[in-house]
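> Just passing along the structure, written as C-alpha cells.
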Amino acid sequence: MSEFFQFFIVANNSLIIHRHKIITGSRDRTIRIWDIHTYACLLVIGPPHVVSAPCLITNPEDGSLMHYAAISDPSPYISAHSIPDSISYPLHHDASILCLQYDAEILVTGSSDGTCIVYSINNNYQPIRQLAHHTAAVLDLAFDDKYIVTCSKDCTICVWDRATGYMLKQLHGHSGPVNAVQMRGNMIVSCSGDFTVKLWNIDSGKNIRELEGHTKGLACSQFSEDSRYIASAGNDRVIRIWDANTGDCLRTIDAHENLVRSLHIDSVSGRLISGSYDQDIKVFDMESGSLLLDFPKWHSSWVLGAKSDYRRIISTGQDKKILIMDFGRDIEGVEELESEPIEPRARRLSRERKAREEGLKERARREDEERQVYLRILEREMGSKLAAETPSRAA
Amino acid sequence: MGSSSAGDEEYTKEYRGKTVDPKHGKQDSGIRGLLRRASVSLKNHAQPRRASHSHSTSFYDTSNTRPSTSSSAWHKLKNAASFRNSKNELLSYGYRDQGTLESFDDIDVPIPGNGNAPPIIPRRVGGEAARATAAAQNELLERTRQLHLDDIYWESCIDCESAVELSLSHVNLGQEDEEIMVHHDNSIIRVDFIANLPTELALHILSTLDHCALAQASEVSRTWYKVANTSSIWKEAFYREKSSTYAMGRPVTPGSGLGLPPMVPDKQWKEVYRARQQLDRNWTEGDAKAIYLNGHTDSIYCIQFDE
C-alpha cells in the first residue's frame, strides 16, 4: 500500500475531479490527464518506475519542464509549463496503452499486455478491476451502460459485464487481428486485418452482417450516434460509408495517400474526421463525401488518433505530441457555448500573456547564462592560446 | 456545416420566390399600377432604397391566393390581441363599397349581412353589436384615409423613386379581385403591429424569425430594433437553429457539452448566437489555431476529451 501512495501528491489530499479534460494513453506506458483550457498536464498514471523517474517532470539535459504547450498565435511561443501530479497503483499496465474510453464514472484502458483495467474516475483513478482473457494485445475497446466490448490481436472480440467484470461472450469469426470495435444499442461493429467489417448482435453473439469491399486490412470503423451509418477505413486508403441497416456501401472516398489510421464521426455536425499515416488530418462531409478541410503535415509523423467536438479537433501522433486544433480560440465569448461555466476569454488571455512574458524572460535568462558560460569557455581558450603564443613571441 | 448552409440556401430561396416577366410589369398603369406599387412587402418596407429583385413572401403571406381577409395573419393577430369583440367578419369585401353604414330605428333585432349587403343593426341595441359596428366604421374610414394618403405619397414618388418602381413591378397580378385583396392588405400591412401589440405578442412574433430576418427586422425602426434585440428572441432562434443534428437520432440536449449551453435566462443570447455563428464560419473556412501539448515520451495511441 505504502509503495504506491508515495508517488501520489495531491494538494489538500482532496479528491481530484477533472472537468474539461483530455485523457491520452501512450507507448510510454502512461495515461495522462490534461486540462483542455489551460493546456496543463494534471496527472500522470503509470507504472512506479516510470512515474517516479525524475525525467517525468524535468528534462535531464537542461532542467526544463517536460510538460508545456506550444502555441502559434500569432508567432510561436511556449506557455503553460506544468508539473503534473503523478500516481501509480499496484494494478497497472507495464506496456503500451493502446486504447481507452471514459464516461462520468469509469475509465477503461486496453494495453498490449493483453488486459484491460477499469478505473474509478471519481476516486483518483483507483483501479477497480482488470479484464484478462485475451491472449494478445487489446487493440480497441468500447463500452456503454451494460457491456464492455474489447477486441484483440488474437482475432477475437470479448463482451464483458460492466458492473461485475465477468466475461460474457467471446466472438470468433475474424481471421485477422481485430483492430477496432464499437457498439450502439445491441450492435457491435468490428473491423479487422482480414479486410472485412462485421456487425454482431451483442445478445445472441451472432455475426449478423459482413460489409465487404475493402481491398486491404482495416484499421478503424465507427458508428454514427444513431447507428444508421458506419464509416470504415484502413490500408487501402479509402474511406467507405455504409448503411448499417442494409449493408450497402453508400460512399467511397479516396481519402489519403497512406493507411487511414483513425476515423471519427461527429454525429451532430455530420463531419467525418480522418487521420492517416500520410500525416494528414482531413475533414469530410458525411452527406456528400466531399472534402471540407485538410490539415496536411500538422503532425510531423503518423497520425494515430483524431477526435472532434463542436469546437475542436484533437489528434495524437507518433511525434509524441497532442495537437489541439481550436476553431474557437479567437472568438469573443466562445466560452458561453460551454455547458459548464469557465474562465472568461479576457482573463484567459491576460493569464496567457503573463505566462508568455515569463517564458520569454526565462528564455532570456537562460540565453544569458549560456552566453556567460560560452564567454568563460572562450576566455579560457583564449587564455591558453595566449599562453601558448606568448613564449613563441618571446622567442 | 452542411446542414446549416443548406438552411441558408433555403432561406434565400424563400425570398426569391417570385420572379415575373418584366414586360408585364411595364404595362402597368392607372389604378392597377398604383395598387401594385402600393403593395409594398415588408422586406421592401424595411429597406426601401435597395433595388431589390425579390419579393418577400415568407414574413407575411401576401400571396395572391389568399382566400379572404379573415384568414390573414393580421386578422388572427387582432383576434388574439382582442382589440375588438369578435365581429371582425363584418369587414368582408363587399362591405367596403357600401359607403357609410346606416342604422335603422324601426327594427329591434340586428339582421346579419348577406352577400355584399351590410348587416343591419338597430340603433337601440346597445353593447357588443353596436360597438362592433362603430368600430368597423371607424376602421373603414381610417383605411380610406390611409389609402388616400398612400396614393398621394406614391404619386409624388413615382418619378424620383425608380428603384422602388423597379422592385414593385415584379408583383404579378392577374385578376381584378386579387388587386382588391392586395389593396386591402396594403392598408393592414402599414400598421406597425410590433409597436402596437402588447410586448409579449410582439416578442412571440419575432421569435419565429431566424437570425438574418432578425437582423433585417431590427433595421426597421427604433421600436423594432428594441424588440428584435431582446435576449429571449435570440435564445429562441439559437436553440431552434443550432440544435439540429446530422445523425444523432435526436436534437442536441442543451448543457450536454455539444455546443448548446444550458438554458439560463441571464445570458446575452445575441452574443451567444454571434459566437456560435463565428465558430461555424471558422469551421467552414478551416480557421483553426494549433496548440501542441508536449509531455509524452513516446507515440500516443489513444485519446478522448470533453469540453
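The values are calculated or read from the model by the stated rules, or taken from the named source; none is laboratory data. Worth saying up front: this structure is predicted, and the values here are computed from it rather than measured. Here the Cβ positions follow ideal geometry from the backbone for every residue, glycine too, while neighbour counts run over all protein chains shown.
> Can you confirm whether A:Ser82 is more than 9 Å from every other protein chain (Cβ to nearest Cβ), free of Cβ contacts under 8 Å to residues at least 60 places away in the same chain, small (Gly, Ala, Ser) and farther than 30 Å from A:Gly114 by Cα?
Taking the combined requirement at face value, the residue does not satisfy it.
> Which condition from (1) within 7 Å of chain B (Cβ to nearest Cβ); (2) under 29 Å from A:Ile31 (Cα atoms) is the one that A:Glu335 breaks?
(1)
> Continuing with the same structure: Could you please let me know if A:Ile128 is at pLDDT 90 or above and away from every other protein chain (no Cβ under 11 Å)?
Yes: the conditions hold for A:Ile128.
> Kindly establish whether B:Asp210 is under 27 Å from A:Val283 (Cα atoms) and not β-branched (Val, Ile, Thr).
Considered against the rule, which asks whether it is under 27 Å from A:Val283 (Cα atoms) and not β-branched (Val, Ile, Thr), B:Asp210 comes out as no.
> Just checking, how many residues over segment A:289-327 are facing chain B (nearest Cβ under 7 Å), outside any strand (DSSP E or B), more than 16 Å from A:Ser72 (Cβ to Cβ) and not basic (Lys, Arg)?
Result for segment A:289-327: 3.
> Here's something else I'd like to know. Please go through segment A:212-241 and give me each residue that is within 12 Å of chain B (Cβ to nearest Cβ) and not in a strand (DSSP E or B), ordered by number.
A:Ser224, A:Glu225, A:Asp226, A:Ser227, A:Arg228
> Tell me yes or no: at least one residue of segment B:251-258 is in contact with a Lys or Arg (Cβ under 9 Å, 6 or more places away or on another chain), buried (at least 20 other Cβ atoms within 10 Å of the Cβ), assigned to a loop (DSSP other than H, G, I, E, B) and at the interface with chain A (Cβ under 10 Å from one of its Cβ atoms).
So far as segment B:251-258 goes, no, none of its residues is in contact with a Lys or Arg (Cβ under 9 Å, 6 or more places away or on another chain), buried (at least 20 other Cβ atoms within 10 Å of the Cβ), assigned to a loop (DSSP other than H, G, I, E, B) and at the interface with chain A (Cβ under 10 Å from one of its Cβ atoms).
> Would you confirm whether any residue within segment B:281-288 is touching a helix residue (DSSP H, G or I) at 6+ places or on another chain (Cβ under 8 Å), more than 7 Å from every other protein chain (Cβ to nearest Cβ) and either basic (Lys, Arg) or in a loop (DSSP other than H, G, I, E, B) (or both)?
no
> If I filter segment A:141-152 for residues that are surrounded by fewer than 18 Cβ atoms within 10 Å (Cβ to Cβ) and assigned to a strand (DSSP E or B), do I get at least one hit? Step through it out loud before you land on a result.
Residues of segment A:141-152 that are surrounded by fewer than 18 Cβ atoms within 10 Å (Cβ to Cβ), as a first pass: A:144-146.
In the following step, the residues that additionally are assigned to a strand (DSSP E or B) were identified as none.
No, there is no match, as no residue in segment A:141-152 is surrounded by fewer than 18 Cβ atoms within 10 Å (Cβ to Cβ) and assigned to a strand (DSSP E or B).
> Is it the case that B:Leu206 is out of contact with any Lys or Arg (no Cβ under 7 Å at 6 or more places or on another chain) and buried (at least 16 other Cβ atoms within 10 Å of the Cβ)?
Criteria met by B:Leu206.
> Please specify each residue of segment A:242-274 satisfying the condition of being surrounded by 15 or more Cβ atoms within 10 Å (Cβ to Cβ), of a type outside the set (S, T, N, Q) and assigned to a loop (DSSP other than H, G, I, E, B).
Answer for segment A:242-274, where residues must be surrounded by 15 or more Cβ atoms within 10 Å (Cβ to Cβ), of a type outside the set (S, T, N, Q) and assigned to a loop (DSSP other than H, G, I, E, B): A:Ala244, A:Gly247, A:Ala255, A:His256, A:Leu259, A:Val268, A:Gly270.
This table checks each residue for (1) away from every other protein chain (no Cβ under 14 Å); (2) assigned to a loop (DSSP other than H, G, I, E, B); (3) among the small types (Gly, Ala, Ser); (4) touching a residue at least 12 places away in the same chain (Cβ under 8 Å).
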position: A:Ser350; (1), (2), (3), (4): yes, no, yes, no
position: A:Ala355; (1), (2), (3), (4): no, no, yes, yes
position: A:Gly359; (1), (2), (3), (4): no, no, yes, yes
position: A:Glu370; (1), (2), (3), (4): yes, no, no, no
position: A:Val373; (1), (2), (3), (4): yes, no, no, no
position: A:Glu379; (1), (2), (3), (4): yes, no, no, no
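> Of B:Gln216, B:Gln278, which residue is within 27 Å of the chain's Cα centre (by Cα), facing another protein chain (nearest Cβ under 8 Å) and of a type in the set (S, T, N, Q)?
Of B:Gln216, B:Gln278, the one residue that is within 27 Å of the chain's Cα centre (by Cα), facing another protein chain (nearest Cβ under 8 Å) and of a type in the set (S, T, N, Q) is B:Gln278.
> Follow-up question, since we're still on this one. Can you tell which of A:Ile57, A:Ile45, A:Ile71 is within 21 Å of the chain's Cα centre (by Cα) and under 20 Å from A:Ile324 (Cα atoms)?
A:Ile71 is the lone residue from the list that is within 21 Å of the chain's Cα centre (by Cα) and under 20 Å from A:Ile324 (Cα atoms).
> While we're on this one: Kindly check whether there is at least one residue in segment A:91-102 that is more than 25 Å from A:Ile117 (Cβ to Cβ), aromatic (Phe, Trp, Tyr) and within 12 Å of another protein chain (Cβ to nearest Cβ).
No, segment A:91-102 contains no residue that is more than 25 Å from A:Ile117 (Cβ to Cβ), aromatic (Phe, Trp, Tyr) and within 12 Å of another protein chain (Cβ to nearest Cβ).
> Just wondering, is there one or more residues in segment A:307-318 that are more than 20 Å from A:His20 (Cα to Cα) and either exposed (fewer than 13 other Cβ atoms within 10 Å of the Cβ) or within 19 Å of the chain's Cα centre (by Cα) (or both)?
Within segment A:307-318, one or more residues are more than 20 Å from A:His20 (Cα to Cα) and either exposed (fewer than 13 other Cβ atoms within 10 Å of the Cβ) or within 19 Å of the chain's Cα centre (by Cα) (or both).
> Pick out the one residue from A:Ala255, A:Ala180 that is modelled with pLDDT of 95 or more and not β-branched (Val, Ile, Thr).
Answer to the selection: A:Ala180.
> Still on this structure: Kindly establish whether B:Arg274 is basic (Lys, Arg) and surrounded by fewer than 17 Cβ atoms within 10 Å (Cβ to Cβ).
no
> Just one of the numbered conditions (1) in contact with a helix residue (DSSP H, G or I) (Cβ under 9 Å, 6 or more places away or on another chain); (2) touching a residue at least 40 places away in the same chain (Cβ under 8 Å); (3) within 7 Å of chain A (Cβ to nearest Cβ) is not true of B:Asp306; which one?
(1)
> Further, regarding this structure: Please specify each residue of segment A:176-198 satisfying the condition of being touching a residue at least 24 places away in the same chain (Cβ under 8 Å) and among the hydroxyl-bearing types (Ser, Thr, Tyr).
A:Ser190, A:Ser192
To keep it simple, each residue is scored yes or no on (1) at pLDDT below 85; (2) aliphatic (A, V, I, L, M); (3) part of a loop (DSSP other than H, G, I, E, B).
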{"residue": "B:Glu165", "(1), (2), (3)": "yes, no, no"}
{"residue": "B:Leu173", "(1), (2), (3)": "yes, yes, yes"}
{"residue": "B:Met181", "(1), (2), (3)": "yes, yes, no"}
{"residue": "B:His204", "(1), (2), (3)": "no, no, no"}
{"residue": "B:Ala215", "(1), (2), (3)": "no, yes, no"}
{"residue": "B:Val227", "(1), (2), (3)": "no, yes, no"}
{"residue": "B:Ala237", "(1), (2), (3)": "no, yes, no"}
{"residue": "B:Tyr246", "(1), (2), (3)": "no, no, yes"}
